[in-house]
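Let me begin by presenting the structure, written as structure tokens, before commenting on it.
The values are calculated or read from the model by the stated rules, or taken from the named source; none is laboratory data. Since this is a predicted model, take the numbers as computed values, not measurements. In this analysis, Cβ positions are derived from the backbone assuming ideal geometry, glycine residues included, and neighbour counts consider all displayed protein chains. Please note that ligands, DNA and RNA were not included when accessible areas were found on the heavy atoms of the full protein model with its side chains. Shrake-Rupley method; radii C 1.70, N 1.55, O 1.52, S 1.80 Å.
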Amino acid sequence: MRFKFLLRPGWLALTLAVWVFAGACIYFLSPWQFGRNDERQAQNAAITKSLKSDPVPFGARHDEWQKVEIKGRYLPELEALARLRTVQGEAAFEVITPFRTTTGHTVLIDRGYVRPVNGIKPPDFAKPPADEVTVIGLARPNESNEQPAFQQDGRRQIYSINNNAVGPGIEPGYYQLIENQPGALDTLPLPRLESGPFFSYALQWIAFGVMAVGGWLYFTIREARPGGVLHEGPKRKKSIAELLAEEGDDGADEGRTEADDAGQLDRTRHVT
């Protein structure tokens, strides 16, 4: 049977590894990258739309990156710093201050960022205005970690911008202030409007999966043909007796060859 070699343990292991890798590339890794590309495209579209549109009044729910106008007062007593942030390649804290709207809701306002002192400690920064103000911010969803706020270096700090982490009675999500708003610090930059490498990564994973299967098929067909390496079978080691016998046969052959040469030489002399 030409394909009997496929049942050998080594070939079964190779086959399993190739098909698992190819399946992961095509059914998991490439869709993951396609999904990230779709998310980036949706984010770019939402930011572009927000930049071109006027702010909408504060309501119960807003699309991500939508520009929202909110009227009310800051609640600095619950202010917290989101730590372990990077802005434009450098360490930063984001200043998160609760805000009580005129409609009775409490929301989180991301006032912007400040740079740490000596790379680790929060600096001093301006307090938000105490009077009623109107601010415009970009709607953002909660970050995943809900670990509660803790006190460090004289400031309440959080690991993730989440209403449950800051305090009770706060609406989910937060609003990232745009430039020149009351209480704003250094404004956070918007994400770069580019597609990123995700689409090309997805195509590469598909190519890797196809190449793995193609290589497996190539070697399978090569071994199935007559003369394949696996068809030669294992070579048996020769015994000492067989090796000595072969040497004896070689010696006899050499003796016969020398005798034949000598006889040929004598005949040549006789003729001469």
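Some notes on this structure:
- For residue 137, the conditions (1) under 29 Å from residue 54 (Cα atoms); (2) out of contact with any Pro (no Cβ under 9 Å at 6 or more places or on another chain); (3) in contact (Cβ under 8 Å) with a residue 60 or more places away in the chain; (4) of a type in the set (Gly, Ala, Ser) all hold with the exception of (2).
- Residue match in the range 119-141 (condition: more than 17 Å from residue 183 (Cβ to Cβ) and among the polar types (S, T, N, Q)): no
- Residue match in the range 72-89 (condition: within 17 Å of residue 139 (Cβ to Cβ), assigned to a loop (DSSP other than H, G, I, E, B) and without any contact (Cβ under 8 Å) to a residue 12 or more places away in the chain): no
- Single residue of the range 37-50 satisfying the filter (in contact (Cβ under 8 Å) with a residue 24 or more places away in the chain and not charged (D, E, K, R)) that is most open to solvent (accessible area, probe 1.4 Å): 41
- Members of the range 150-171 that are in contact with an Asp or Glu (Cβ under 7 Å, 6 or more places away or on another chain) and part of a loop (DSSP other than H, G, I, E, B): 160, 161, 162
- Given (1) open to solvent by 60 Å² or more (accessible area, probe 1.4 Å); (2) under 20 Å from residue 67 (Cβ atoms), number of the condition residue 144 does not satisfy: (2)
- Taking the criterion of being over 24 Å from residue 133 (Cβ atoms) and open to solvent by less than 60 Å² (accessible area, probe 1.4 Å), the residues of the range 60-86 that qualify are 83, 85.
- Screening 95, 87 for residues that are at pLDDT 95 or above and under 23 Å from the mean Cα position of the chain (by Cα) leaves exactly one candidate, 87.
- Matching residues, the range 172-206, being surrounded by 13 or more Cβ atoms within 10 Å (Cβ to Cβ), small (Gly, Ala, Ser) and part of a helix (DSSP H, G or I): 202
- Selection count, the range 12-32, where residues are open to solvent by less than 90 Å² (accessible area, probe 1.4 Å), in contact (Cβ under 8 Å) with a residue 40 or more places away in the chain and within 19 Å of residue 224 (Cβ to Cβ): 3
- Search result, residues across the range 48-59 that are more than 22 Å from residue 128 (Cα to Cα) and assigned to a loop (DSSP other than H, G, I, E, B): 53, 54, 59
- Between 207, 212, the distinction of being touching a Cys at 6+ places or on another chain (Cβ under 9 Å) and free of Cβ contacts under 8 Å to residues at least 60 places away in the same chain belongs to 207 only.
- Test: residue in the range 93-112 that is without any contact (Cβ under 8 Å) to a residue 24 or more places away in the chain, open to solvent by 10 Å² or more (accessible area, probe 1.4 Å) and over 19 Å from residue 162 (Cβ atoms): yes
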